[in-house]
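Have a look at the structure below, then the notes.
Each reported figure results from applying straightforward, stated rules to the coordinates on display, with no laboratory input. Given the structure is predicted, the values throughout are model-derived calculations rather than measurements. Every residue, glycine as well, gets a Cβ built from its backbone with ideal geometry; the counts of neighbours run over all protein chains shown.
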Amino acid sequence: MDKRKAYGSPKKITRKQVAALIPQRPKDSHKSMFGNVVIIGGAEGTVGAPLLAARAALKLGAGCVHAGLLADNAPAVDTAQPELMLHRAAAALHLPQPNVIAIGCGMGTSLAAHKLLQEAITSPAALILDADALNILALRPDLGSLLAARPAATLLTPHPGEASRLLACETKGIQQNRTPAAIELGVRYHANVVLKGANSVIATRDGRLYLNPTGNPGMSAAGMGDVLTGMVAALIAQGIKADDALIAAVYLHGAAGDELAKQHARIGMTASELTDWARWLYNTMTDA
């Protein structure tokens, strides 16, 4: 049977649906209960990208967050968020038992980046591919075969340009066929996929389709995708199933942007401040 035909009609994600996915924390909680996240990226000049993702993972509730950075001049500490643990990229991939690895934010496409992605694909952890990890995947059919064979959860978070490279077509074609493109990526790589953009399309590995109703044009700003990656990683680390974590994070990400827009920040909205609004929304749902 053609797996593409197993997908039903898209459903709109609802706040009630997302709230039901968020687990309550017991009174005797400790950080080890909420997972270890590893974020890999940050080539020369783009160290900010994995830091944005790591900060988002921390503020959305992950127990411990590590950032592995490629740049030779990478900082040893994030002075704005010293709770993060910073490492060389190769060392971060060898940390014991991460629950989820997110790779690609500001990573570049160097030979070192290729090697890091190949190693990450062999990890038993849940794996999120974003940004340059997707660009490398488009260049490496051999890595695509490895990715499709992974038993652990895989998530892809392309914007239309990245999706066009993965599917070897024009971006215009992706935009005209967003739902079929998301399905094709999910089937090809045996992955949960969000095709980002207005009304982001989510295709889950088990054949479900969703459209996200949240978000606004003010979110067309640098770093927004990095924040989403960190949010998805945090929810998986806390024990939410990978497909549900993707659904919840995409909704919360857009809803946080909508709250910011209400504060007359539609123009000049930044990824850093969106993270704080996402944390607030996440907590309001947890308290409900």
Item to check | Separation in nanometres of the label points that stand 7 Å from Cα toward Cβ, at LEU139 and GLN175 | outcome: 2.6
Next on the checklist: Quick check for you: which residues of the range 64-108 have the amide N under 18 Å from the point 7 Å beyond the Cα of ASP276 toward its beta carbon?
Outcome noted: 79-84
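Of the beta bridges DSSP finds with both residues in the chain, what % are antiparallel, to the nearest 5?
Details: 6 of 32 bridges.
Given both bridge residues lie in the chain, the antiparallel proportion sits at roughly 20 percent.
Mind checking the full-extension length gain between GLN118 and ALA19? Use 0.36 nm per residue of separation minus the Cα-Cα distance, one decimal, nm.
Numbers: separation 99, 0.36 × 99 = 35.64 nm, distance 3.53 nm.
Length gained, GLN118 through ALA19: 32.1 nm.
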Item to check | Local electrostatic count at PRO158 - Lys and Arg +1, Asp and Glu -1, tallied over other residues with Cβ under 10 Å | outcome: 0
Checklist entry - What are the radius of gyration and Dmax of the range 118-252, computed over its Cα atoms and given in Å? => result 13.6, 38
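Which of the helices in the chain, when you take each full DSSP H run, stretch at least 18 Å along the axis at their Cα atoms and have an average Kyte-Doolittle score of 1.6 or higher? The partial results should precede the final answer.
Details: long enough: 224-237 (20 Å, 1.76); 242-262 (30 Å, 0.45); 271-287 (24 Å, -0.67).
Passing helices, by number: 224-237.
Compute the signed sum of charges (Lys and Arg +1, Asp and Glu -1) over the other residues within less than 12 Å, Cβ to Cβ, of LEU260.
Around LEU260, the charge tally is -2.
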Checklist entry - For percent of Cα pairs over 23 Å apart, the choices are (1) 49; (2) 60; (3) 56; which was calculated from the structure? => result (1)
Item to check | Packing-based exposure ordering (other Cβ within 10 Å, fewest first) of THR154, THR286 | outcome: THR286, THR154
Next on the checklist: Give me the extension gain from LEU95 to THR284: residue separation times 0.36 nm, minus the current Cα-Cα distance, reported in nm with one decimal.
Outcome noted: 64.8 nm
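Sort 223-233, 128-138, 266-276, 41-51 by the packing proxy (mean of other Cβ within 10 Å over each peptide's residues), most packed first. Walk me through the intermediate numbers first.
Values: 223-233: 29.0, 128-138: 25.6, 266-276: 17.5, 41-51: 23.5.
Output ranking for 223-233, 128-138, 266-276, 41-51: 223-233, 128-138, 41-51, 266-276.
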Item to check | Selection from PRO23, GLY106, ALA56 lying farthest towards where the dipole of the range 9-137 points positive, charges on Cβ | outcome: PRO23
Checklist outcome for this item: Flagged as over-length at 21 Å C-alpha distance, from LYS31/LYS59; LYS11/LYS172; LYS11/LYS241; LYS31/LYS115; LYS31/LYS241, the pairs are LYS11/LYS172; LYS31/LYS115
